[in-house]
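Trainee: My questions all concern the structure below.
The values are calculated or read from the model by the stated rules, or taken from the named source; none is laboratory data. Keep in mind that this is a model prediction, so the values were computed, not measured. Cβ: placed from backbone, ideal geometry, glycine included. Neighbour counts: every protein chain shown. Quick note on the areas: whole protein, heavy atoms, side chains included, nothing else; ligands and nucleic acids left out. Shrake-Rupley method; radii C 1.70, N 1.55, O 1.52, S 1.80 Å.
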Amino acid sequence: MKAAQAVIANLLGISLSFQLVTLTAFSADASRGGADHWAFDPLSELSPPEGRTDWSDSVIDRYLADNWQAVGIEPAEGADRRMLLRRVYFALTGLPPTIEQAREFLEDAEPDAFARLVDRLLASPRFGERWGRHWLDVARYAESSGGGRSLLLPTAWRYRDYVIDAFNSDKPFDEFAREQIAGDLLPYDSVEQGREQLTAAAFLALGPTNYELQDKTQLEMDVIDEQIDVIGQAFMGLTLGCARCHDHKFDPIPTRDYYAMAGILGSTQTLLHDNVSSWVKRPLPITSRERINRMREFDEANERILRLTRMQKQIDAIRLRLGQFTLDDQQAETIGSWQSSRSVAGFQGKDYRYTNDPKARAVYTWDVPRGDQYEIILHYTSHPNRSKRVEVTVQHAEGSATVAVNQRNPRLPAAATKNLGAFTLSDTARVEIRPGSDGATVIDGLSIRPIHQHTGDHELATSQLAKLEERVKRLEAAETRLQPIERVMAVRDEPLPADLEIRIRGDAHQLGEVVPRGFLSLIQDMHSPQVARQASGRLALADWIVSEENPLTARVVANRVWHHLFGRGIVRTVDNFGHMGEQPVDKRLLDYLAFRLKEHDWRLKPLIREIVLSKAWQLDSRPSASAQELDPDNRLFAWQRIRRLDAESLHDAMLLLSGELQLDDASPTQQAIIHSEYGYEFSFGPRAVYLPVLRNKTPEILAAFDFPNANLSEGARTSSTLATQALFIMNSPFVSKRVERATDRLLSRDSCDNKSDVQCLFTLYERALGRPPTQNEQRIAIQFLANGSDQKIDRVLAWRAIVQSIMASYDFRYIR
Amino acid sequence: MPFDMLSIENVNRRHLLRQAACGFGSVALAGLAHADAASESAQSMSSGCHHRARAKRVIFLFMQGGPSQVDTFEYKPLLEKLDGQRRHFQDARKLAKTGQAGQERIMKSLWKFSHYGETGHAVSELFPHVAGQVDRICFLHGMHTSGVAHGPSTLFLHTGATNLVRPSMGSWIVYGLGSENRNVPGFITIGPSSANGGPRNYANAFLPARFQGTALGRAEQPVEQMRFRHIGRSGGMASSNALNRREDFELLQALNREQTARLGSSDEAEALIRSYELAWRMQMHAPQITDLSGESETTRRLYGIGDKPTDEYGKQCLMARRMAEAGVRFIQVNYSDNSSNPRWDQHNNIEKHADHARAVDKPIAGLIADLADRGLLEDTLVWWGGEFGRNPFAQNNDGRDHNPKGFTHFFVGGGTRPGYVYGATDEFGHEAVSGRVHMHDMHATILHILGINHEQLTYRHAGRDFRLTDVHGRVVEEILA
């Protein structure tokens, strides 16, 4: 207890700007590289101080009050109800209350009104959207790989939804951790559970990977490094990456430990190698009924293919008899660069070819079986990007003829033909294709059909052909697409797990001694899970991370919860619990929270509830004079921190004010259809958490307001106030659109039509800021409107300026 | 100068930031993060951090795709003699993929080399205008780098890492030196590509957000259409709004003041109000640097503006000069596009190099001459180069594959030795054999020129101190005047 107070006094006694220097110097000197570091100690025995019992029953408050007393500071006053209401809505759901929601609470005079409000918010699906996003920051979640050639990760959104659902259902954190590290290895009772667990295993594969790296050994070691880093940071608040090249300089993590873990991840397959590599995709489990249906569909499809093949053979035979044949583009001679493609369906043979080079050429030549008149039909595939002026020259017995072919079809990409006409052919015939310069030119084949028939059974054959073609058409039309088996990005154990060699100075190609697979030697004892020889060890790793002997995980999680609620952690370096991180301002309090987390079976909601219901959380954001003087940085949480709205909350609040926000209580599962990251246009409506996270393209509204870098695991976002943000709010099309909609909504019939300007202003303030305007605010706005009308400025435009100013204002952008 | 130069607001604070910005105080900077986040304070450094600076700013002419050294600035007569013959080469791509290399067919340059200037350096006919400036140029023929594919090597060029997420060099420089003029961004990239790392090439990674590069337009966008985001020429609130803009802005600030008065002010509220004031000033000033209308016809012609092949890059280069004058620290002028086989990437048909050379030659020469005329070469470092070079042997009959093992970059000004040639590749032009300069060394050297010790410019993140040069980097003293 003395020690705790000494730490606090030490913290408060040193000047603001050099706090960190002194602190880190202090901790590094005290036990450089040693294992005797507070974070590695077992959770301490609980001994809540008596504190000021008159003030609060909450254990949390007693710890805090004890520190305040020791230092001699007074807490702030309690926050007023409107302030508290707004604060708790943003903290738990990321949204402000609507006018109706506000009224419900403000008119509830029961003493437990706030506790019931907290329960309502914790039960709301909005909770998981808010708190799930906190975890997505840590999981460096994204839907594209970033790196040199950014690849889209089309099933990553399932992982996002898994996280949101996990927070909504208050999945115990130990289970949550186990599923993300080894979900693919866990047994399951129901198909749903199996799907969830496999989806969770995307965690290891979601990192920023440069799949085109040509040195594949290097690539594998980089992926392993990223995985070790994110596991260390997300679950234990440790920066393990340092030990890749040398023993950790500050924490007791030798390189051996790093490669012991690397062996586990090296025995886990994440990558599929190719020139540009890719990731492991695994089918989601399906029910036995689904399996039977699929097998039936599969059999039917096979049957259909067999029949079609048979009929096609008959058709070919009849055509041959009739003297008709088709040359595939493979048989054309080409000059210049022609690329093969299969993207527009319905082509002849195995593919078609295209070029964008006007100087390219393609030539079909063939020996004419019998001098006569023939129809020549050109095959291609149409598309909006095609040339409208492809020139096709037919050399026939009487000279040559050139036909222009328009291959562009603005509506529908499809296989297409063009009848070039009837020609007299003898000996050798030649058709040359000259591409246009206004788009792509396609070659897919050439059909030659005699016009006069010489065979006796001509009529019979023609009618047979027509019938067969009709049947083929019908059969093809009846074809139902097989439901693709859903595959998700995940990992799997290598068939032959193996230990890994230390890489000397981190060089992927410099092999040192082999290290048996395992975890951090620091936190292991005889009870620790063991890596079985025939397994990668991932499951054991997951078990170890949430095991009794590892005190880090519970502390890290409890500290993050505190951080999200108070704006600062008890340990302010939320992602670094090592020697280079900061000390907890009160270790007893942190351990108490960790203890409570475990007591609630690792469920977060009861812990959040307890913290939010403490008096400390409900304090005003204006410090008492003593706290302002003695603890200006608020290390002791004697008042509430004023916080800037984070990117998503700002986005959501703007859309809520404009009436555009779509809240969906049903399963929010949705998948953005993205063809390429470059040029992707974001559309707005759902909450920001559902916007696709692309590593090379972040929506400006998020990027401007410190949306985390999806390449890095970040437990604490920066919160800057920059001129670029001001410019965004003043000039961006995003904000303009929200302002227009919000103004239309405000001035529409049901809210403010036929009402006075002052009444409109009240509606606007209640909606946007959750309070009525002050006298002065009314005066400023009314004066502004009056000036506008003197200058004959449209009332709507004047109101837009007011709405935008409110969105840009301090009370909208900050929570007190 | 058309821009308001910085006024010093708070000497103590500035002093603190100055230390913080210069590396050894990186921990102090982290400690300041919360206070600093609340206010964007201007920092100015005119004389370097750790030693005397030779240059205050950099203009980087990025040749995306990898121009061929043996077809441009490093003459290898042996290629003509041995053209078509097969020899064993340690090809970087084959080695990375298979661990083995083999026989390759030597391919001579399609272009004639002639000697230029007093120094008599040989330049191919691809760059006749740059050739006219050789006496001002310091060539580095012994460049080599990491990565073989565009993505990794482009990221390495910009961030010093092929795969790991690291801050861009421009961000490091602005972090180290601050900005000369707080009404314009300190790090601007003109027409950046969205491919091969895209925004990561000018992103701040773990450095604070204010050090990120500001993109002006994007690759393949006509220069006329390039604008800073959210800074309209007319400025002001709600673009669809016809109100007097100044009045709108005053309304906003009046409401903000009223809100802070209601419950008492706070650091956060004051930072917010200041951020709007700064935004207003930037809005007034930034559009001027992209506005070329005041440039004389002579100047425009010097840069090749008005002639179709050189018009676009010429305008970009002229904008770069205006940015240099305005005090932007790091200006990148991209010759790039958005494809995964970028501009100079001639795997076949090396003849296309001629199109690219034509587009950039006159603008670059014009920029060098113009900077020299205006005395700006004294404290501006011009840096030219791509993510790697190309092989002296053939690929796909008439092309050349990537070559990270030997290629050319060049410097002009900024206290580098004019008319100087440093380093060389082997007799074929394949691997750097003398005066070898790894991209890490390049980074260290540029920081050195700016007065920064690359080993001391650090930032603490995730428990350790990071550097642009990681644990590498040698300052190439030999090229300093």
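Trainee: Give the A-B buried accessible area in Å², both sides summed, 1.4 Å probe, nearest 100.
Mentor: 6700 Å²
Trainee: Taking the Cβ-Cβ separation of A:Y188 and A:D633 as r and a Förster radius of 60 Å, what is the calculated FRET efficiency to the nearest 0.05?
Mentor: 0.80
Trainee: Could you give the nm distance between label points at B:H347 and A:R370, where each point is 7 Å from its Cα heading toward the beta carbon?
Mentor: My value for the distance between the label points is 4.9 nm.
Trainee: Now for a separate question. With +1 on each Lys and Arg Cβ and -1 on each Asp and Glu Cβ, how big is the dipole of segment A:507-626 about its Cα centre, in debye rounded to the nearest 20?
Mentor: Value, rounded to 20: 520 debye.
Trainee: Local charge sum around B:H472 (other residues, Cβ-Cβ under 12 Å, Lys/Arg +1, Asp/Glu -1)?
Mentor: Details: positive: A:R505, B:R467, B:R474; negative: B:D441, B:E455, B:D470.
Once all neighbours under 12 Å are counted, the net charge is 0.
Trainee: Could you derive backbone 3J(HN,Hα) for segment B:86-101 from the dihedral phi with the Karplus parameters 6.51, -1.76 and 1.60 (θ = phi - 60°), listing whole Hz in sequence and x where the residue is Gly or Pro?
Mentor: Ordered by residue, 3J(HN,Hα) equals 9, 9, 7, 10, 8, 5, 4, 5, 4, 5, 5, 7, 10, x, 10, 10 Hz.
Trainee: Let me ask you something else. Computed FRET efficiency, Cβ-Cβ of A:E548 and A:Q662, R0 51 Å: what is it to the nearest 0.05?
Mentor: Numbers: r = 44 Å, r/R0 = 0.87.
With a Förster radius of 51 Å, E is 0.70.
Trainee: Also, quick follow-up: Non-local amide H neighbours of B:R57 (under 5 Å, H modeled in plane, Pro and chain starts lacking H): which ones?
Mentor: Hits under the 5 Å cutoff: B:L381.
Trainee: OK, next. Might you tell me the accessible area per residue for segment A:157-263, computed with a 1.4 Å probe and given in Å²?
Mentor: For segment A:157-263, the per-residue accessible area is 26 Å².
Trainee: Continuing with the same structure: With r as the distance between the Cβ atoms of B:M284 and A:S748 and R0 = 25 Å, compute the FRET efficiency 1/(1 + (r/R0)^6) and round to 0.05.
Mentor: Numbers: r = 36 Å, r/R0 = 1.45.
Working from the Cβ atoms, E equals 0.10.
Trainee: Between B:S296 and A:E300, what is the label-to-label distance in nm when each label sits 7 Å out along the Cα-to-Cβ direction?
Mentor: Modelled inter-label distance: 8.1 nm.
Trainee: Of all beta bridges DSSP finds with both residues in the protein assembly as shown, what is the antiparallel percent, to the nearest 5?
Mentor: Restricted to the protein assembly as shown, the bridges split so that about 75 percent are antiparallel.
Trainee: Among residues other than A:Y814 whose Cβ falls under 9 Å from its Cβ, what is the net charge (Lys/Arg +1, Asp/Glu -1)? Kindly include the intermediate steps, with their values, before the conclusion.
Mentor: Working: positive: A:R643, A:R644, A:R813, A:R816; negative: A:D811, B:E268.
So the environment of A:Y814 carries a net charge of +2.
Trainee: Okay, moving on. How big is Rg to Rh over segment A:43-162, alpha-carbon atoms, Rh as the Kirkwood inverse-mean-distance radius?
Mentor: With Rg and the Kirkwood Rh in hand, the quotient comes to 1.13.
Trainee: Sequence-distant or interchain residues sharing an amide H contact under 5 Å with B:H461, placed H: which?
Mentor: The list, which skips near neighbours in sequence, is B:F466.
Trainee: Report the extension gain between A:N275 and A:D36 in nm, rounded to one decimal, defined as 0.36 nm multiplied by the number of residues separating them, less their alpha carbon distance. It would help to have the intermediate numbers written out before the result.
Mentor: Details: separation 239, 0.36 × 239 = 86.04 nm, distance 4.74 nm.
My answer for the length gained is 81.3 nm.
Trainee: Work out the charge dipole of chain B with +1 on the Cβ of Lys and Arg and -1 on the Cβ of Asp and Glu about the Cα centre, then indicate which of B:Q85, B:M319, B:G294 is farthest towards its positive end.
Mentor: Value: B:Q85.
Trainee: Using DSSP H assignments, which helices in chain B have an axial alpha-carbon span of 30 Å or above and a mean Kyte-Doolittle hydropathy of -0.5 or higher?
Mentor: B:267-290
Trainee: Leaving ligands, DNA and RNA out of it, report the carbon-plus-sulfur percent of the accessible area of chain A at a 1.4 Å probe.
Mentor: Values: 17120 of 34300 Å².
Ligands and nucleic acids excluded, carbon and sulfur reach 50 percent.
Trainee: Sticking with this structure for a sec: Quick check: net charge around A:D575, other residues with Cβ under 12 Å of its Cβ, Lys/Arg +1 and Asp/Glu -1?
Mentor: With Lys, Arg at +1 and Asp, Glu at -1, the neighbours total 0.
Trainee: Which value, in debye to the nearest 20, gives the size of the charge dipole of chain A about its Cα centre, when Lys and Arg are +1 and Asp and Glu are -1 at the Cβ?
Mentor: 2040 debye
Trainee: Could you list the residues of segment B:249-291 with an amide nitrogen less than 14 Å from a label point located 7 Å from the Cα of A:T774 in the Cα-to-C-beta direction?
Mentor: B:254-266
Trainee: Right, here's the next one. Scattering from the C-alpha atoms of the protein assembly as shown alone, worked out with Debye: what is log10 I(q)/I(0) at q = 0.07, 0.08 1/Å?
Mentor: Taking Cα atoms of the protein assembly as shown as identical point scatterers yields -0.83, -1.07.
Trainee: Calculated from DSSP H runs of 4 or more alone, at -39500 (n - 2.57) each and per residue, what is the 222 nm mean residue ellipticity of the protein assembly as shown, nearest 500?
Mentor: Details: 40 runs with 494 residues, N = 1297.
Using -39500 (n - 2.57) per qualifying helix, the result is -12000 deg cm²/dmol.
Trainee: Would you please give the residues with an amide H less than 5 Å from that of B:T408, counting only those at least 5 places away or on a separate chain, with H modeled from the backbone geometry?
Mentor: Those qualifying (amide H under 5 Å, at least 5 residues apart or on another chain) are B:Q69.
Trainee: On to the next question. Let me make sure I get this right: for segment A:371-411, a, b and c are the square roots of the gyration tensor eigenvalues over alpha carbons, sorted descending. Under 1.5 in a/c it's rounded, otherwise prolate if a/b > b/c, else oblate. Which is it?
Mentor: It comes out prolate by the Cα gyration axes.
Trainee: Does segment A:560-638 come out rounded, prolate or oblate by the C-alpha gyration tensor, with a ≥ b ≥ c the root eigenvalues, rounded set by a/c under 1.5 and, if not, prolate when a/b is larger than b/c and oblate if not?
Mentor: oblate
Trainee: With each pseudo-label sitting 7 Å past Cα toward Cβ, what's the B:H472-A:L468 distance in nm, one decimal?
Mentor: Rounded to a tenth, the inter-label distance reads 6.5 nm.
Trainee: Provide the per-residue ³J(HN,Hα) series for segment B:421-436, in order, calculated from phi with Karplus coefficients 6.51, -1.76, 1.60 and θ = phi - 60°, each as a whole number of Hz, with x at glycine and proline positions.
Mentor: My calculation for segment B:421-436 gives 10, 10, x, 7, 8, 5, 4, 8, x, 9, 10, 5, 10, 10, x, 5 Hz in order.
Trainee: Let me ask another. Which residues in segment A:333-371 place their backbone N less than 20 Å from a point set 7 Å from the Cα of A:T309 along the Cα-to-Cβ direction?
Mentor: What the label zone holds, given the 20 Å backbone N cut-off, is A:346-351.
Trainee: State in Å² the accessible area per residue of segment A:487-634; use a 1.4 Å probe, count heavy atoms of protein chains only, and round to the nearest integer.
Mentor: On the way: 5520 Å² over 148 residues.
Heavy-atom SASA per residue in segment A:487-634 reads 37 Å².
Trainee: Still on this structure: Consider a paramagnetic label point 7 Å from the Cα of B:E118 along Cα→Cβ; state which residues of segment B:366-381 have an amide N under 20 Å from it.
Mentor: B:368-379
Trainee: How large, in percent, is the carbon and sulfur part of the accessible surface of segment B:286-330 at a probe radius of 1.4 Å?
Mentor: On the way: 750 of 1590 Å².
Accessible surface attributable to carbon and sulfur in segment B:286-330 totals 47 percent.
Trainee: Which one, A:I264, A:S190, A:V230, projects farthest toward the positive side of the charge dipole computed for segment A:175-296 from Cβ point charges (K/R +1, D/E -1)?
Mentor: A:S190
Trainee: Related question: By its C-alpha gyration tensor, with a ≥ b ≥ c as the square roots of the eigenvalues, how is chain B shaped: rounded for a/c under 1.5, else prolate for a/b larger than b/c, else oblate?
Mentor: Numbers: a/c = 2.04, a/b = 1.68, b/c = 1.22.
Judged from the Cα gyration tensor, chain B comes out prolate (a/c at least 1.5, a/b above b/c).
Trainee: Follow-up. Under the Cβ-under-4.7 Å rule, which cysteines of chain A stay unpaired?
Mentor: A:C242, A:C245
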